[in-house]
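Working notes, structure below.
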Amino acid sequence: MERLGLILEGGGLRAGFVAGAVMALMDLGLSSFHTGLAVSASVPTLAYCASGQRKEMERVWREELNSSRLVCYRNIAAASLGLSEKRPILDIDYLVYDVFKKRYPLDMASLKKNPMKCLFAATDIHEEGLRFLSPEKEDCYVVFNACLAVPGCYPKTVRVNGFECVDAGTINPLPVSTLFAQGIDKILGILSRPLNCESEPPSWLERTLFWRYFQKYDWMLEKLWEAAEAYKEEVSRLERLASMNPPRALIISPDRLPPAPFITRDKQKINRTVDMGYRIVEKRQQDILDFLETTSNLL
């Protein structure tokens, strides 16, 4: 029997599209995979999917992510000038420990019982490469913290079992090749950007926000430029796999950029982005069923 993999792109609040698509898959009973891999903002989405907590996932996305406690526009100047590590643009500590851990705690027993292997991507800043973390081996909330630590927006690294980590998007926002290294035969990829959307190198503002990291880790600026190229290559890989007969990949992506950008406090835009992901899975239900047919009895 073929092994089916799932890969989820991040993208800040734009990843609400991915969450909406995953909710729809769960509602359709199509969330059984051999291995799931998630990057950045989609790491908690994969965890809630694996633990079967669909309602908690939706509540987080629809009710919690527009908070001024999470998105702190007033801290942009302080973050860009490097005045204080206590004034982040994105308060990931609040999101992880107040929202995820206290209000919507993961059912760890169900998460570990699920036969799907979960890989949560992060960047190891000392090894200058990706590190794939597992809920079976590490504290899941510390892992969330590391995977969501966007350089510049979150002003420090996160230590996970002795490794200093930040958001994996600094290296590769969509590490498709890693799934095949896990012995996967077919991949369902859920992206947060349209297929024709170019991944741009870091902007002036982003480089300004990242400067604190560049001082300590001079390799990171080069890696950020390379990440844009890596994303193009990985999307092209998925497209080639999807064009095979029979296809070895199916791509779910928005037809246009979602309403929610990377950072926003606009609740309406976040909800519309979640709805967009949900609707596209409904629209492509038969395509998904046809693709999954040979792996429907996988687990």
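The values are calculated or read from the model by the stated rules, or taken from the named source; none is laboratory data. Everything numeric here is computed off the predicted structure, so don't read it as measured data. Please note: Cβ atoms are built from the backbone with ideal geometry, for glycine as well, and neighbour counts cover all protein chains shown.
What's the total number of residues in segment 88-109 that are modelled with pLDDT under 95 and not in a helix (DSSP H, G or I)?
Looking only at that region, the number is 4.
Output the residue which, of all residues in segment 261-275 that are within 15 Å of the chain's Cα centre (by Cα) and not in a helix (DSSP H, G or I), is farthest from Val150 (Cα to Cα).
My answer is Pro261.
With the condition kept exactly as written, say whether any residue in segment 195-217 is modelled with pLDDT under 95, basic (Lys, Arg), farther than 26 Å from Glu282 by Cβ and exposed (fewer than 13 other Cβ atoms within 10 Å of the Cβ).
Taking segment 195-217 first, the residues modelled with pLDDT under 95 are 195-217.
Filter once more, keeping what is basic (Lys, Arg): 207, 212, 216.
Within this subset, residues satisfying the condition of being farther than 26 Å from Glu282 by Cβ are 207, 212, 216.
Next, from what is left, pick out any that are exposed (fewer than 13 other Cβ atoms within 10 Å of the Cβ): 216.
Yes - at least one qualifying residue is present in segment 195-217.
For segment 37-61, what are the residues that are over 27 Å from Ala227 (Cα atoms) and of a type in the set (Gly, Ala, Ser)?
Ala50, Ser51, Gly52
Could you list, in sequence order, all residues of segment 136-151 that are surrounded by 24 or more Cβ atoms within 10 Å (Cβ to Cβ) and assigned to a loop (DSSP other than H, G, I, E, B)?
If the condition is that a residue be surrounded by 24 or more Cβ atoms within 10 Å (Cβ to Cβ) and assigned to a loop (DSSP other than H, G, I, E, B), then Leu148, Ala149, Val150 are the ones that fit.
Determine which single condition Met244 fails, assuming it passes every other condition in (1) at pLDDT 90 or above; (2) assigned to a helix (DSSP H, G or I).
Evaluating Met244 over (1) at pLDDT 90 or above; (2) assigned to a helix (DSSP H, G or I) leaves (2) as the failure.
Considering Lys156, Lys112, which residue is of a type outside the set (Gly, Ala, Ser), outside any helix (DSSP H, G or I) and over 23 Å from Ala230 (Cα atoms)? Don't jump to the end; show me each part of the working.
On the way: Lys112 fails: outside any helix (DSSP H, G or I).
Going through Lys156, Lys112 in turn, the sole match is Lys156.
For segment 31-69, which positions are within 17 Å of the chain's Cα centre (by Cα) and modelled with pLDDT under 95?
Passing the criteria: only Ser31.
Looking at (1) in contact with a strand residue (DSSP E or B) (Cβ under 6 Å, 6 or more places away or on another chain); (2) in contact (Cβ under 8 Å) with a residue 24 or more places away in the chain; (3) within 29 Å of Ala24 (Cα to Cα), which is the one condition that is false for Asp124?
Asp124 satisfies every listed condition except (3).
Mind telling me which of the residues Pro115, Pro105 ends up being more than 23 Å from Trp61 (Cα to Cα) and out of contact with any helix residue (DSSP H, G or I) (no Cβ under 8 Å at 6 or more places or on another chain)?
Working: Pro105 fails: more than 23 Å from Trp61 (Cα to Cα).
Of the residues listed, the single one that is more than 23 Å from Trp61 (Cα to Cα) and out of contact with any helix residue (DSSP H, G or I) (no Cβ under 8 Å at 6 or more places or on another chain) is Pro115.
Being polar (S, T, N, Q) and part of a strand (DSSP E or B): is that true of Thr178 here? Working first, answer last.
On the way: polar (S, T, N, Q): yes; part of a strand (DSSP E or B): no.
So Thr178 fails the test.
Being assigned to a helix (DSSP H, G or I) and modelled with pLDDT of 95 or more, is that true of even one residue in segment 79-87?
So in segment 79-87, the residues assigned to a helix (DSSP H, G or I) come out as 79-81.
Filter once more, keeping what is modelled with pLDDT of 95 or more: none.
So far as segment 79-87 goes, no, none of its residues is assigned to a helix (DSSP H, G or I) and modelled with pLDDT of 95 or more.
With the structure loaded, tell me whether Ala19 is buried (at least 19 other Cβ atoms within 10 Å of the Cβ) and either part of a helix (DSSP H, G or I) or modelled with pLDDT under 95 (or both) or whether it fails that test. So that I can check it myself, show each step before the final result.
Working: buried (at least 19 other Cβ atoms within 10 Å of the Cβ): yes; either part of a helix (DSSP H, G or I) or modelled with pLDDT under 95 (or both): yes.
Answer is yes for this residue.
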